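The values are calculated or read from the model by the stated rules, or taken from the named source; none is laboratory data. Bear in mind that the values here come from a model prediction, so they are computed numbers and not experimental data. Here the Cβ is made from the backbone with ideal geometry for all residues, glycine too, and neighbour counts use every protein chain on show.
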Amino acid sequence: MNLILLGAPGAGKGTQAVKIAQDFSIPHISTGDIFRKNIKEGTPVGLKAKSYIDKGQLVPDEVVVEIVALRIAEDDCKNGYLLDGFPRTVAQAEALDKIAKDLTVINIDVDLNALAARLTGRRVCPDCGESYHISTKKDDACKCGGKLIQRDDDKLETVQSRLNVYTAQTAPLIDYYTAKGNIVTVDGMQSIDEVYADIKKAIK
Ligand code: AMP
């Protein structure tokens, strides 16, 4: 089972991805996480990606496509994988079609107007990747013992540009996959558990 989670920044892709990957025992491949790890480690890919990520722009297609192509060729992807945050452009989707088969796309549909508050209020754990929201999480202690932080690109200035980029470059993927007939849309404005229940129904 090869899955793609599609949705605007803040739609809940990461949260749902963790649950799906655990339940179905498939690797969770988040291009955003891969870039953040590379930035932390100061690799050449990290240095290149940082300049785009800090502005809320997309990293160039060729950089992302190469990373994903190498990752899905690894052994643990033989029985399926879950892509979170990739593809984000039609060019990336076309590149993926050349190297991947049997893709099922889950589109998490949310009201774009609600996303700025979701993103700016998000706090993440740099150690385990868990995310929280300040409306329900009042301290900065992660359940793993880590200290929660706000991602630099969740600051208000960058959030608007990420949402604009989504509308211009990623939302067209909904039509792209609709034409192929392999996309299911779930209502991402429900609770986390309700969204997950709908995703499970869509996968089975
Ligand atoms: P995310 O954690 O998925 O929101 O990704 C954080 C940032 O990493 C994005 O705002 C982009 O700058 C970059 N990024 C992640 N995935 C991609 C992708 N598929 N294509 C281009 N840039 C990406």
ask   = among the charged types (D, E, K, R) and touching a strand residue (DSSP E or B) at 6+ places or on another chain (Cβ under 9 Å): does that describe Asp109?
value = yes
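If you go through region 25-43, how many residues are exposed (fewer than 15 other Cβ atoms within 10 Å of the Cβ) and at pLDDT 95 or above? Show your work before the answer.
Residues of region 25-43 that are exposed (fewer than 15 other Cβ atoms within 10 Å of the Cβ), as a first pass: 25, 37, 40-43.
Applying the additional criterion that residues be at pLDDT 95 or above yields 25, 41-43.
Selection size over region 25-43: 4.
Taking strands (runs of 3 or more DSSP E) that fall entirely within region 115-203, which contain at least 1 residues that are within 30 Å of Leu103 (Cα to Cα), within 16 Å of the ligand (Cβ to nearest atom) and of a type outside the set (Gly, Ala, Ser)?
Details: elements: 122-124, 131-133, 183-187.
Filter on region 115-203 gives 122-124, 131-133.
So how many residues does region 67-87 have that are surrounded by 12 or more Cβ atoms within 10 Å (Cβ to Cβ) and either hydrophobic (A, V, I, L, M, F, W, C) or closer than 16 Å to Asp97 by Cβ (or both)?
10
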